[in-house]
Every structure is written in C-alpha cells, then in structure tokens.
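All remarks here apply to the structure that follows.
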Amino acid sequence: MAAKQVKKDFYEVLGVARDADAAEIKKAYRARAMQHHPDRNPGDKQAEALFKECAEAYEVLCDPEKRELYDRYGMAGLKGTDFRHYSSPEDVFGAFGDIFGDIFGFGRAREAWHRGSDLRYQLDLEFVEAARGAKKTIDLERPAVCSNCRGSGAESEADIEVCGTCRGQGQVLRQRGFLTISTTCSACRGEGRVVRKACKACKGRGQVREKKSVEVAVPAGVEEGNVLRLRGEGMPSPTGGQPGDLLIVLRVLEHPVFRRHGLDLLLVLPVSFVQAALGDTVAVPTLDGEEELRIPPGTQPQALLRLEGMGIAAGRQTGDLIVQVDVKIPTKLSAEQKELLRSFAATEGAAPKEKKWWNL
C-alpha cells in the first residue's frame, strides 16, 4: 500500500481544535503516536508515514513561535525556521522519544533512540569576515561510530545475543510482596543484548576517534557570541540514535580602525583644525576600499559625518559608515605660525567685556 502523503492541516493531523492548549496538543500527539508507532504496526508503510506526520504536526504546534507563523501563513510561514520533515521513525525517536518511549519495552525505546550530545566549537573570525560573510574550514577530532561493528561493539552480528536474564527487554521484574518492581537488568546493563566477542577495531566500545574537516558557511553580519548549528555533526549517540549537533560559537576579533554599532560602522577620523575650519575632501577607509569624504567648512570637534550604505549588510538591511571627526590641536608651533594665529585672532575682534558668552 502506498504511503499516505503529509496533510497540510496540522490541527487535523492531531485531531485538536485550533485553540487547543499545550497540554491538549501533547496528549493528542501521544495518543496518535502510540496508534501509529512502528512497534505496533511492523512493516506498515502507511502507519510509518502517519507516525512521522504526527511528529511534524507536534513539532510546530508545541512551539509557540512556529505555531503563530503556521496559523498566519500556513506551511509557507515555516520557511526560514528549523522545521524539518522527518525522514524515518528513528528521527522521531531522537526528537520526541521521551514522550512515549516508556510505553514500549519498559523504557527501552527511550534508551535505544537517545540522541547524541551536542559538540561546541569556538570559531575566531576576522572583523571583515564577520561583516561580509565567509566560508571557513574547521578541523575536529571527535568520537565516531566504529565502521567495523557499526556501533554494536561486537566483532560480528553472530557475536550479539539476546540477554538471557531479561530476554531482550533491558528490564527485569521483581516481586516484592504485593508490588512488582521493574529494574535495570544487571546482566546487560539495560541494553537487552550481550556481546560475546568484542570488536577488535574499537575494543567493544562501538566508537573510535575520528578526524574530520567541516565546511562552515558564515553568513554576513554575524556578531560576537552568535551560534551556528550544524545538524548531525556532534557526538554520536551511545545507543544508536541520531547524532548531536555541532554548535559553533563565533568570536569576532577587533579591528584596528572600525568599531561596530548594530549594522553601522564607526570610524574616528583625525583632522587638523585648519581642515575643520576651511573644509576639505579626504579619503577614508571602508570595508571595500577607500571612499572620498567631504568635510564641510566649520566642522566642529566630535561632529558625525555619514557615508550611507557603507556599513554592514545583513539580509536586506545595510548600515552606514559613521565618521567621527577628531580635531587635532597642534602642541608645538613655530614663531611664524604663532604670529599668523595672533593675526587671525585680531580679525575676529574682541567681545565686549560686559557681554558674557553664557548670557543668552
């Protein structure tokens, strides 16, 4: 039988009203997931498709932000979010196994599909790389699933046996008076299987050390402390589930000239008091080379001049380059320069002594 296609109405998928609260949505998902669970429907492709469909609906409706986007724009509103279609039941177990895992095999489902841990990596970026975007290659050394035993820890499949103590359940039942208590099987440590001959490559651990180069696309406009997530590039699952993610924490190195304020760049430009008084046209640096900047006559110290569109571009927005004028007053003057300044001062005229500049 052909697998049923995913519906577009996630509320209908879970059988809840559009105003259902979080508890109702979770309860409905748990019931639908139990109904279509692969353990209850072995080999049924339609049940598997419905199982994944329910997980997608729950992922959206249990997240307030995704739910609001979905309510407003439908499936189109989920573009640009981390919403994804689940390709297999294992993906669902890795994401939501804790909701229903303890129903099957006394908690074995939760253990078997436990997701691997996330791996953190600090990536240093030059200021211009963060502003304009860059492609970076990082070298990692991390645990990986052993290719010889595929993570089983056994030399061959024939060397894996169902635990005789718990009969593969990973749990044993013990009677204590009127109570029946489920505890982790001590013979297999909850795995439900026993390895009789360990893999020679990994010595039974199921994992080996791996060196790997990972390509990272750094988008334009990132800032200090931003985190990029590479799915599936983290630590492997110790129980055969989905690997964790690689979290790349960005550290932006300081620039000798520019400072950042949002999408704007700030540049301090030293000019002489003559340039400030008479005006001038000077070359200033930008992220893409030099640009000419006009200094108007009579420019005051700390004045801000703006070059539009010369800042940081992120998405559809672009900042400006803001130039702060730093008027430099000479500390040493020649006799000729002093005489010229005295002559200039005389031309300004003396203010009446009875008139104070603060008497407005």
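Side notes on the structure shown:
- For residue 67, solvent-accessible area (1.4 Å; no DNA, RNA or ligand), Å²: 40
- The mean accessible area for residues of region 203-308, using a 1.4 Å probe and ignoring ligands and nucleic acids, is 59 Å² per residue.
- If you sort 59, 215 by accessible surface, 1.4 Å probe, largest first, the order is 215, 59.
- A Förster distance of 35 Å, applied to the separation of the beta-carbon atoms of residue 196 and residue 217, puts the FRET efficiency at 0.15.
- In a fully extended conformation the segment linking residue 290 and residue 226 would gain 20.1 nm over its present Cα-Cα distance, using 0.36 nm per residue.
- 29 Å Cα-Cα threshold exceeded, pairs from 26/135; 26/79; 135/203; 45/203: 26/135; 135/203; 45/203
- Neighbourhood net charge (11 Å Cβ-Cβ; Lys/Arg +1, Asp/Glu -1) for residue 230: -2
- For the residue pairs 27/52; 136/211; 66/212, the C-alpha atoms sit more than 23 angstrom apart in 66/212.
- Normalised by the number of residues in region 251-311, the mean separation of alpha-carbon contacts (under 8 Å, six or more apart) gives a relative contact order of 27 percent.
The values are calculated or read from the model by the stated rules, or taken from the named source; none is laboratory data. What you see is a predicted model, and the numbers here were worked out from it, not measured in a lab. Glycine also receives a Cβ, built like all others from the backbone with ideal geometry; neighbour counts cover every protein chain displayed. Keep in mind that these areas ignore ligands, DNA and RNA; they rest on the heavy atoms of the full protein, side chains included. Shrake-Rupley method; radii C 1.70, N 1.55, O 1.52, S 1.80 Å.
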